[in-house]
Amino acid sequence: MGTGRGGTRGDVPHADGNTSDDASRPQLRRVLSTRLLYFFILGDVLGAGVYVLVGQVAAASGGAVWVPLLTALLLALLTAASYAELATKYPRAGGASHYATLAFGPAAGFVAGFCMLAAGIVSVAALARGFAGDYLSAFVTLPVALVAVVFLAVLALVNARGVKESTRANVVATLIEVGGLAVIVALGVWLLLRGDGDPGRLTELGTAEKGTAAAVLSGSVLAYYSFVGFETSVNVAEETCDPRRSYPRALFGALATAGAVYVLVGAAASAAVPTEVLARSSGPLLEVVHAAGGVPPLLFSAVALVAVANGALLTGIMASRLAYGMARDGLLPSVLTRLLPRRRTPWAAITATTVPALLLALTGSVAALAATLVLLLLVVFLLVNTAVLVLRRREGAPGHFRVPAALPVLGAASCVLLATQVEAEVWLRTAVVLGVAGVLAVVPAVRRRRAGRATGTGRDGEWRRPPPA
């Protein structure tokens, strides 16, 4: 199925989605335990976005910020259930791209992978610029270009050193992030106890332009972005010691933890600070710190820097493993499957994803693409949810996690619902990205079809006997 060393396109897939030559290819090292995977997912979900998200959600939905946050969590869990089934059924790098390839063919797989790669690379570039911005300026002023180059180079080296080392660093960073958010919750409670907060804001929904239902849905679109990140974890399922047992536990446990933290932070912020103050602030959690007093604002600049760096590291791991998996599936050049001899990490894929991220960070064009990230991911999630239903007819790894069929159906519907709330300008930019992906997808599709004819393999990957001469 892939084109890694030792194989050819058109190899017969096994029940778990692997091809007959997978055993002869370089394999990623299985080193991730359930605990490390849990922190990997939690650290990716609890990213830098939470430090600016509360104000945006408050502006869209009103004072009861916790309602759209909880709604977004429930919608995210629907798609997460589909990922849990597919990641345990086909535990290998490539994620959504691999699932879409198995279900719909290489063209759909390429589109899914291209969208994920575009989102991941832009996200890393944006985080690099974010690291070089106001939070770092609170400590030292340096040129953005210099900070971006050093920042991304260090991330690439940590990534290349090994996923185990990267996820251990992520455990420490995640604990710092959660600790900072716990301080916000404690400060909100303290403000209420001393009589300076207003618990009545926790039930205020709706704005001057929108009623209750429309405001909740609008806020949920913004809040949904705070929960994305869980999808990156499927790209390290191949490096997980026991994915069938570990992955669902780590995935749902991390999302539940993140959801609880977000709801508590949202409630604390809205009760502690007037809604209009949150709505116009670019650092809403700092408003809580200022209102409560007693905690140095520089502390949250430091925590934010850790959150940004951690999010960039985990997204960089995802992008490189995705590029590696797509190359192994024959959707990208096979050179991206090259691994470091000792570390068994995909150095070529790491380089190939770091360079464009650096170019975007240096040119400052990230702003034009950043707004398309949510919509690109909704396209990917739609493909994943529908792929679960299509692949139900095929066997996978024995004993894999399985969800009721209603969940992926509801997950697909939630993607369509959220997409209808995205602005037309964002749709236009995303359409351009999807158009480029569609054009590029023709190449692997044609190559796969030709290989299938030459080897007697059908479009669905099943072996067909060649016609008689």
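The values are calculated or read from the model by the stated rules, or taken from the named source; none is laboratory data. Being a predicted model, the structure only gives us computed values, none of them experimental. Positions of Cβ are backbone-derived with ideal geometry, glycine not excepted, and every protein chain shown enters the neighbour counts. To get the accessible areas, we keep the full protein, side chains included, count just its heavy atoms, and leave off ligands, DNA and RNA. Shrake-Rupley method; radii C 1.70, N 1.55, O 1.52, S 1.80 Å.
Report yes if some residue within the range 250-258 is small (G, A, S) and open to solvent by 10 Å² or more (accessible area, probe 1.4 Å); otherwise report no. Yes, because at least one residue in the range 250-258 is small (G, A, S) and open to solvent by 10 Å² or more (accessible area, probe 1.4 Å). Taking every residue in the range 390-419 that is open to solvent by 60 Å² or more (accessible area, probe 1.4 Å) and pairing it with any residue that is part of a loop (DSSP other than H, G, I, E, B), at least 6 positions away or on another chain, the pairs with Cβ-Cβ distances below 9 Å are R394/A15; R394/G17; E395/A15; E395/D16; P398/A15; P398/D16.
Of the listed requirements (1) surrounded by fewer than 24 Cβ atoms within 10 Å (Cβ to Cβ); (2) not in a helix (DSSP H, G or I), A126 misses just one: (2). Just so you know, in the range 134-145 the residues that are part of a loop (DSSP other than H, G, I, E, B) and in contact (Cβ under 8 Å) with a residue 60 or more places away in the chain include one that is surrounded by the fewest Cβ atoms within 10 Å (Cβ to Cβ), and it is F139.
For Y262, the criteria (1) surrounded by fewer than 24 Cβ atoms within 10 Å (Cβ to Cβ); (2) farther than 14 Å from Y38 by Cβ hold in every case but one, which is (1).
In the range 107-133, the residues that are of a type in the set (D, E) never reach a residue that is open to solvent by 10 Å² or more (accessible area, probe 1.4 Å) and in a helix (DSSP H, G or I) with C-beta atoms less than 6 angstrom apart, at least six apart or across chains. For the range 148-164, the candidate set comprises residues that are open to solvent by less than 60 Å² (accessible area, probe 1.4 Å) and within 24 Å of T34 (Cα to Cα); within that set, the residue that is modelled with the lowest pLDDT is V163. Among the conditions (1) modelled with pLDDT of 75 or more; (2) in a helix (DSSP H, G or I); (3) farther than 21 Å from A100 by Cα, the only one that A454 does not satisfy is (1). Can you name the residue in the range 325-376 that is closer than 18 Å to V122 by Cα, modelled with pLDDT of 90 or more and of a type in the set (S, T, Y) and, of all such residues, is most open to solvent (accessible area, probe 1.4 Å)? Per the criteria, the residue is T351.
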